[in-house]
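Scroll down for the structure; my scribbles are underneath it.
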């Protein structure tokens, strides 16, 4: 499929999913009337739509865009198709740092900064451990870092009072239920900024597919460009974890599906990944809300239910392209 | 002119006091036994390994002072085992490292490297020889699309995946390219007879030490090659005076 066709298709589907997600549930008709501000619409419904539902849908789309772009960038940087923020310890590091910041009652922005720090520290640790070794080492090092962060997180959670314990546990499972305007205003501009910044690394990441040395010979400062890529990916994944918890496998599934559809051309993939990620999380959030209505599932459960078998499929596939 | 003056390296393999010069339009071949440091020297000339001592001058400028972008405009390198990125089309690979792809140059490069029919192929589906040709075309595209006044092509065993006839043809084509585009070329080779036939200059390397450097005919003597390769050789020549060596 040509990149242009896919871009139009993805943009249309994401727009449609956004719209459906905005209106879905009971009173969809009233919500539509409120959205369009039709005569006689319910003012309270409109207020709820703009104050709760719109930020939630916007947060879900932005988080998906950030996770997919981060996943694609990390896979390209480490020449490893299986690298994903949740699998290589970035989300674990971010969650631990964010939980520590939450326990210390830091304000929301400071929690996000802490999560970015945790994500970056985990990513640097994992990439240092895997440097010069087989590509599978990156995943194994990630498993170890995830286990360590998970244990420390459990230790921290076990010291929390009951109410806080429940909310932190629910947050960790990944959810957009608590999304508000502040969160949407953090995630949406960040998604645009990270997407634009990573697109500027597109030619570098494309050259990197020939190897670090070949990228240098092609005119790129691999150290500097690589550091920028890693920092942006850690920022994207860290902030999403701090705001929405663990929404796993989006950074694995979106790039893989796109590579399968358009081939390995990083500048194109970086344009498409935010849309594909947004579409996946919008659908996952919709499923989380509607599957067991009126109860609500954590969105991380839905993405993991889809993503874990996808990961197993990639593992058992005849020949992963880099791993 | 690309000049290497008393270059020494500690990592990844030691090199001691290497000096050579390569002018535009010239093919210089680095020869030596396995483990002599030929590829290390080539990558040091490419700027990948920093010199422990000595200097490399590219058109009068110190190589160490040039950033990666400037370097790429005046030198390109084709690796011994070039990457075969699955899912990437040959047409996309050919534009890597080219800031502004030039269709006119690309057409010429494709014809010179015989890659016209490969454009839509996935790199993973290429044979060893096709992959080498595609990477050569990419490196040429990178160099020829740049406006640098002096340009150098570095080749690490460019004939490794080729049969005897194709290897001979490849070297002949490279020489023509060097002269036509006034490119300086430095190639690492294993085949002494290919070097003897096509190189303008030869550098003989053993255990990281330069044994000789200069015009091919003067450097490649039987005694010197026997010393470098630790083996007895016999020298043959045809009625055109073209020499060749075989191991005894």
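Assorted remarks:
- Strands (runs of 3 or more DSSP E) completely within segment B:1-103 that count 2 or more residues being over 26 Å from residue B:171 (Cα atoms) and touching a strand residue (DSSP E or B) at 6+ places or on another chain (Cβ under 9 Å): B:2-9, B:15-22, B:53-58
- Out of A:224, A:319, sole residue that is at pLDDT 90 or above and within 14 Å of chain B (Cβ to nearest Cβ): A:224
- Filtered residues of segment B:202-212 (kept if under 19 Å from residue B:191 (Cβ atoms) and out of contact with any helix residue (DSSP H, G or I) (no Cβ under 7 Å at 6 or more places or on another chain)): B:203
Each row is one residue, and each column tells you yes or no for (1) out of contact with any strand residue (DSSP E or B) (no Cβ under 6 Å at 6 or more places or on another chain); (2) surrounded by fewer than 24 Cβ atoms within 10 Å (Cβ to Cβ); (3) closer than 20 Å to residue A:201 by Cβ.
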position: A:47; (1), (2), (3): yes, yes, no
position: A:52; (1), (2), (3): yes, yes, no
position: A:84; (1), (2), (3): yes, no, yes
position: A:92; (1), (2), (3): yes, no, no
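- Among the candidates B:86, B:64, the residue that is over 15 Å from residue B:152 (Cα atoms), more than 9 Å from chain A (Cβ to nearest Cβ) and surrounded by fewer than 22 Cβ atoms within 10 Å (Cβ to Cβ) is uniquely B:64.
- Residue in segment B:97-119 that is within 14 Å of chain A (Cβ to nearest Cβ), within 19 Å of the chain's Cα centre (by Cα) and at pLDDT below 95 present: yes
- Residues (under 15 Å from the mean Cα position of the chain (by Cα) and free of Cβ contacts under 8 Å to residues at least 24 places away in the same chain) located in segment B:64-96: B:81
- Identity of the residue in segment A:132-154, under 20 Å from residue A:209 (Cβ atoms) and without any contact (Cβ under 8 Å) to a residue 12 or more places away in the chain, that ends up surrounded by the most Cβ atoms within 10 Å (Cβ to Cβ): A:137
- Test: residue in segment A:192-213 that is within 14 Å of another protein chain (Cβ to nearest Cβ), under 27 Å from residue A:2 (Cβ atoms), surrounded by fewer than 23 Cβ atoms within 10 Å (Cβ to Cβ) and free of Cβ contacts under 8 Å to residues at least 24 places away in the same chain: yes
- Residue match in segment A:267-274 (condition: more than 18 Å from the chain's Cα centre (by Cα), closer than 18 Å to residue A:68 by Cβ and either in contact (Cβ under 8 Å) with a residue 24 or more places away in the chain or within 14 Å of chain B (Cβ to nearest Cβ) (or both)): yes
The values are calculated or read from the model by the stated rules, or taken from the named source; none is laboratory data. For clarity, every value in this text was computed on a predicted model and none was experimentally measured. Cβ sites come from the backbone with ideal geometry, for glycine too, and all protein chains shown count toward neighbours.
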